[in-house]
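One structure below.
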Amino acid sequence: MSTTREGVCVVTGVGPGTGAALCRRFAETHRVAMLARSADALRELAGAIEGTRAYPTDVTDAEAVRSTFARIRSELGPVRVLLHNAGNATFGDFSRITPDQFEQAWKVNALALVLCGQEAARDMEAQGGGAIVITGATASLRGGEGFAAFAPAKAAQRSLAQSMARHLGPKGIHVAYVIVDGVIDMPTTRRFLPDRPDEQFLQPAAIAETFHHVVHQDRSAWTFEVDVRPFGEKW
């Protein structure tokens with residue numbers, strides 16, 4: 001593990017898949033603050049990954065987000081990288097989704113990006129640069145029948161990221177959107193798809209490597225949008 005840290009990296013939506021992989025990869029180069037609602041799971045993960053610290057937070061709660069970022073600044077330092085991995089997995093067709101499900105999907109995917117992004121960008125502007133990378137989905141580009149809540153939320157997130165990139169780019173802050181197209185390799189997805197071949201799953205560590213590359217791109221050739229998928233995925 002590198003002994004030199006590039007600054008503070010905040011990862012939202014930390015769970016057993018992509019979130020944990022992002023924390024492992026960025027802990028090699030940054031001091032990592034992990035955000036999620038589950039305090040016990042976060043603390044367990046912090047004990048397993050050197051260079052990380054747990055900050056249980058509901059990222060849809062404006063006051064909670066402000067308080068958490070204040071703690072991060074005090075305990076770790078100003079934020080240099082934000083990886084917004086928080087998401088909402090509510091699925092259902094137009095006839096069946098409830099207003100609460102629709103609103104919650106928007107809150108986790110879009111509102112949380114506003115709240116966390118504003119806090120992080122404040123630090124980055126003061127430092128003269130930084131990076132905000134968002135975990136997106138193919139649903140941000142098109143709405144499938146069973147994605148009546150998820151797709152509009154992801155579309156809002158993607159257009160918000162575009163607006164952020166145009167506003168923050170001239171200030172030296174790189175905003176990028178990673179479209180994850182396929183099934184991520186996790187215990188839950190393995191149980192749901194027991195017959196799917198290994199090569200048809202996205203590996204969380206490989207996704208994290210793409211994030212790390214995007215964060216470290218030269219500013220003369222920044223990427224806004226990149227998609228990742230298994231080689232056999234139809235697209």
Any residue in the range 55-69 that is on the phi < 0 side of the Ramachandran plot sitting within a Cβ distance under 8 Å of a residue that is aromatic (Phe, Trp, Tyr)? List the pairs, counting only those 6 or more apart or interchain. Thr68/Tyr55
Quick test for you: out of Gly182, Gly172, Gly146, pick the one residue that is modelled with pLDDT of 95 or more and not hydrophobic (A, V, I, L, M, F, W, C). Gly172
Where residues in the range 88-118 are of a type in the set (A, V, I, L, M, F, W, C) and at pLDDT below 85, which of them is nearest to Arg66 (Cα to Cα)? Ala89
What about Ala36, is it without any contact (Cβ under 8 Å) to a residue 60 or more places away in the chain and under 24 Å from Ala161 (Cα atoms)? yes
Need at least 2 residues that are closer than 20 Å to Val214 by Cβ, aliphatic (A, V, I, L, M) and at pLDDT 95 or above per element, so show me which strands (runs of 3 or more DSSP E) inside the range 22-86 make the cut, counting only ones lying wholly within it. 31-36, 79-84
Output the residues belonging to the range 36-74 that are closer than 18 Å to Arg122 by Cα and crowded, with 17+ Cβ neighbours inside 10 Å. Val59, Ala64, Val65, Thr68, Phe69, Ile72
Please go through the range 26-57 and give me each residue that is of a type in the set (D, E, K, R) and under 19 Å from Arg73 (Cβ atoms), ordered by number. Arg31, Arg53
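The values are calculated or read from the model by the stated rules, or taken from the named source; none is laboratory data. Here the structure is a predicted model, which means the values were calculated and not measured. Heads up, the Cβs are rebuilt from the backbone with ideal geometry, glycines too, and the neighbour counts pull from every protein chain shown.
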